[in-house]
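Participant: Mind looking over this structure? Questions follow.
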Amino acid sequence: MEKAALRKLTSLCVICGVAGIALLGIMEFRDGKREWKHFQIEYKELLLKKISRDRNPAFYERVLGMKPEIKQIVIDDWGAVDRCVSCHLGIDDPLFADTKQPFRTHPRPELLKFHPVEKYGCTICHGGQDLSTTYQGAAHKTIAHWPVPMVEKGLIQSRCGLCHKDFAAIGADKLVKGREIYKEMHCAGCHVINRQGGAVGPELSAFADKDPGAFSYAALEGNHSKQNWVVEHFKNPQKVTSGSPMHLPALNEYQIECLSSYVLSLSQRDFPRQYVPKLRPDFEPPKMDVVVPEAELSNPDDDVK
Ligand code: HEC
Ligand code: HEC
Ligand code: HEC
Ligand code: HEC
């Protein structure tokens, strides 16, 4: 009797042990598949080839001892935890200027000098899912209703406008041009920006802050992101919002990028002082032409102020 119980207990222990080992194995296997780990191992190998043991033995030893770990930049000021640098490991290291992605040095190193990585992170300019540590699953793919998915290359200036109101001072040519087109096409006849304009269409002063869930994607070609909605809507407002009274001439790709960048830059977000660029003392926010829509639309050449 006792012997039988003991045998039962022993086999139970063995089963538990085997199951435990198997579970550990599975975890280890899944862990090993984490993309960021592979990138970090590769990065370490690349870095070791670029530095010299003789010239800086202490640094070399430190690199040699590097273990894969999630790297992140925490920005309390807007609640971001950017893990992009878990893969983009050489982003502010000039040694990686010619290396393949995701290790390559940032193409605009001067921007990272003005906006240090540890203070700004990446998503404030690029969008994307801050916490994500996968390429496919999250960071680079547009995900429906994510507030700001990875910003398309042609629209990245929209993000500069969140903080910079003097577009010309930072060379944001698309924002300058977008604002010009806005004026030329008399968009202000129907839209209000900063209390200037007519109220036929929605106010645009905080268009960048508008929730992506507030748009209808039913008639949209391509991915269901707010960025794509804006681009497609400028191509053909009636196709995206059936019956829209917003009629536009056919615009070319550049004009669409400029207008989209511009409206996606219009934000009322408050940043802490250290993130607000100083303006030249003589800077004046440009005026929109405040006009009665009907008069303006029927008489577009009048330069009414
Ligand atoms: C799992 C690793 C990984 C993470 C995490 C990651 N990236 Fe990348 N990223 C890559 C790789 C790999 C490429 C190169 C892809 C290619 O060339 O096809 C890339 C390319 C890019 C590019 C170039 C354009 C493109 O999409 O190919 C940008 C911009 C970029 N990443 C920004 C970011 C930002 C911002 C984050 C954080 C939200 C981020 N990445 C997080 C691996 C990563
Ligand atoms: C101040 C805004 C800003 C910040 C902060 C910033 N970037 Fe960029 N990034 C840009 C701009 C602007 C470009 C140039 C895009 C272009 O030329 O089309 C760029 C380009 C890139 C590219 C090359 C894109 C391509 O298509 O080849 C990568 C990769 C990239 N950034 C990754 C990052 C990562 C990772 C971080 C955070 C460590 C970061 N950036 C932080 C503004 C920023
Ligand atoms: C989160 C806010 C923020 C964002 C987003 C941002 N910047 Fe800045 N930027 C700043 C601040 C703050 C400074 C420092 C300026 C100062 O001290 O007056 C600065 C400085 C600069 C400078 C140095 C010249 C100057 O005017 O002082 C340039 C150029 C610049 N930014 C370009 C850009 C570009 C291009 C983008 C978009 C890709 C961008 N910034 C996005 C906040 C931001
Ligand atoms: C005749 C009036 C009229 C003119 C002119 C006009 N719009 Fe509109 N716009 C509207 C109306 C109405 C809507 C809402 C219906 C829709 O989604 O198309 C709208 C929607 C929008 C939206 C989406 C706003 C949101 O919150 O959903 C943007 C962005 C926009 N317009 C930008 C522009 C720009 C830029 C121009 C100039 C190139 C312009 N509009 C010209 C009437 C107009």
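Participant: Would you calculate a helix-derived [θ] at 222 nm for the chain, using -39,500 (n - 2.57) for each DSSP H run of n ≥ 4 and dividing by the full residue count, to the nearest 500?
Facilitator: So the calculated ellipticity at 222 nm is -11000 deg cm²/dmol.
Participant: How about region 61-143: which trypsin sites (Lys or Arg not before Pro) there lie in a loop by DSSP and see at most 10 other Cβ atoms within 10 Å?
Facilitator: 100
Participant: Additional query: Of the peptides 87-93, 257-263, 208-214, how do they stack up when ordered by the mean number of other Cβ atoms within 10 Å, highest first?
Facilitator: My ranking of the peptides, most packed first, is 257-263, 87-93, 208-214.
Participant: Follow-up. How far, in nm, would the chain grow between residue 70 and residue 34 when pulled straight, counting 0.36 nm per residue and subtracting the alpha carbon separation?
Facilitator: Computed gain between residue 70 and residue 34 is 11.9 nm.
Participant: Residues with beta-carbon under 9 Å from that of residue 277, excluding residue 277: net charge, scoring Lys, Arg +1 and Asp, Glu -1?
Facilitator: That sum, taken over residues with Cβ under 9 Å, equals +1.
Participant: Under 15 Å from the Cβ of residue 236, count the other residues' Cβ atoms, weight Lys and Arg +1, Asp and Glu -1, and hand me the total.
Facilitator: In short, -1.
Participant: While we're looking at this one, here's another question. Among 73, 156, 124, which comes first, then next, by fewest other beta-carbon atoms within 10 Å?
Facilitator: 156, 73, 124
Participant: Quick query: amide H of residue 145 versus all other amide H atoms, modeled in the peptide plane; which residues come in under 5 Å with a sequence gap of 5 or more or a different chain?
Facilitator: Close amide H contacts, sequence-distant or interchain: 226.
Participant: Distance cut-off 29 Å, Cα to Cα: go down the list 50/113; 100/235; 44/165 and report the pairs above it.
Facilitator: Distance filter (> 29 Å) returns 100/235; 44/165.
Participant: Now, a different point. Which chymotrypsin sites (Phe, Trp or Tyr not before Pro) does region 27-134 hold that lie in a coil by DSSP with at most 16 other beta carbons within 10 Å?
Facilitator: Qualifying residues, ordered by number: none.
Participant: Further question on the same structure: Mind putting together the pair-distance distribution for the chain? All Cα pairs, 10 Å bins, whole percent per bin, short to long.
Facilitator: So the P(r) values, bin by bin, are 5, 20, 26, 19, 13, 8, 5, 3, 1, 0, 0.
Participant: Turning to a different aspect of this structure: Considering only 234, 286, 46, whose Cα is most displaced toward the positive end of the charge dipole of the chain, charges sitting on Cβ of Lys, Arg (+1) and Asp, Glu (-1)?
Facilitator: 46
Where a number appears in this text, it was derived from the coordinates with a stated rule and is not lab data. Bear in mind that the values here come from a model prediction, so they are computed numbers and not experimental data. Glycine gets a Cβ as well: all are built from the backbone with ideal geometry, and neighbour counts include every protein chain shown.
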